[in-house]
Amino acid sequence: MSYLIIGASSGLGRELAYSFAKKGHNLTLVSRDKRDLVSIKSDLELRYEINIKIIPLDFDNTEEIEKKLFKDEEIIKNLQGILFPVGFMSENDTVNLNKDDAKKLLNINFLSICFTISKFEEKFQEKYKKNKLLIVGFGSVSGLLGRDLNSNYAAAKRALESYFESLAFSKNNNIDVHFYILGYLNTNLAFGHNLKLPIGNVSKLSEVVYKNKDKKFLKTYYPYYWNVIALILKITPLTLILKLKKLFNK
């Protein structure tokens, strides 16, 4: 049995690949950059006695996803779980973002994930409905509230959270659904930011994801202190939050 990691060359994707590989699991790694995939594959196969397939593809293109990801029946037949540490951010992401960039943000962070999950569900129902399948998604604390910057990214991540909640209500009892809502991690995305809160460790997160892999349903924030912050924000009226924002920005 194997795991599919989409976004495998990202900081989190790479750590997930190493966490699952060292436990002896075969992997299929997906990313846009073929050179990164080849490098990760070579290193993992030297370290561990596992088989690794790589699939370079542009996750903004659903036609390419369907063509490259679903042509190998062995991947689908032996699949035990799909992890989606994939994402895309734009420096110009505001509420006035141009149409093309907004479409790319929405596709990579939400629509392409939904499409991929739907196609795998369809395949499993056709041929492998007795197999157990774990689906792991990753959101962002940026989706807790509307925001000035990264507006469309945050909206896509909030939509993804709702989609994974809906998956949990699915009538397909053979699908396990996990969703991690992430604060800043010690990856290049946090580099250069003046952060007020402690940064999460991406390596530890990958171990947490592996440790939890046999649970039926899971939704949590990471780092864990965000569970408390999220609860406070959810019970605080938006009008009060906006007033406080204006006060602190003076």
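The values are calculated or read from the model by the stated rules, or taken from the named source; none is laboratory data. All of these numbers come straight from a predicted model, not from anything done at the bench. Here the Cβ is made from the backbone with ideal geometry for all residues, glycine too, and neighbour counts use every protein chain on show. Side chains are part of the model used for accessible areas, which takes the heavy atoms of the whole protein and leaves out ligands, DNA and RNA. Shrake-Rupley method; radii C 1.70, N 1.55, O 1.52, S 1.80 Å.
A few comments on the model shown:
- Scan of the stretch 95-124 for residues that are part of a loop (DSSP other than H, G, I, E, B) and open to solvent by less than 40 Å² (accessible area, probe 1.4 Å), ordered by number: L97
- Residue check, N174 within 18 Å of the chain's Cα centre (by Cα), farther than 22 Å from K234 by Cα and of a type outside the set (A, V, I, L, M, F, W, C): no
- Residue list for the stretch 82-92, restricted to those being of a type outside the set (V, I, T) and buried (at least 21 other Cβ atoms within 10 Å of the Cβ): L83, F84, P85, G87
- All helices (runs of 4 or more DSSP H) inside the stretch 1-75 with 2 or more residues being closer than 19 Å to M89 by Cα and either modelled with pLDDT under 95 or open to solvent by 50 Å² or more (accessible area, probe 1.4 Å) (or both): 11-21
- Scanning the stretch 121-137 for residues that are closer than 19 Å to S166 by Cβ and either acidic (D, E) or in contact with a helix residue (DSSP H, G or I) (Cβ under 7 Å, 6 or more places away or on another chain) (or both) returns E121, E122, L133, I135, V136, G137.
- Those residues of the stretch 30-56 which are closer than 18 Å to N109 by Cα and not β-branched (V, I, T), in sequence order: S31, R32, D33, P56
- Residues of the stretch 1-45 that turn out to be without any contact (Cβ under 8 Å) to a residue 12 or more places away in the chain and within 24 Å of K211 (Cα to Cα), as a count: 2
- First in the stretch 64-78 and over 17 Å from S31 (Cα atoms), second anywhere and open to solvent by 70 Å² or more (accessible area, probe 1.4 Å) and assigned to a helix (DSSP H, G or I), Cβ under 8 Å, 6 or more apart: I76/K127; K77/K127
- The listed residue being open to solvent by less than 60 Å² (accessible area, probe 1.4 Å), modelled with pLDDT under 95, within 16 Å of N109 (Cα to Cα) and of a type in the set (A, V, I, L, M, F, W, C), out of A154, A190, A168, A159: A154
- Within the stretch 125-151, the residues that satisfy the criterion of being open to solvent by 30 Å² or more (accessible area, probe 1.4 Å) and without any contact (Cβ under 8 Å) to a residue 60 or more places away in the chain are Q125, E126, K127, Y128, K129, K130, N131, K132, G146, R147, D148, L149.
- Evaluation of R147 against the conditions (1) over 18 Å from N174 (Cα atoms); (2) among the basic types (K, R); (3) in a helix (DSSP H, G or I) shows that the sole unmet condition is (3).
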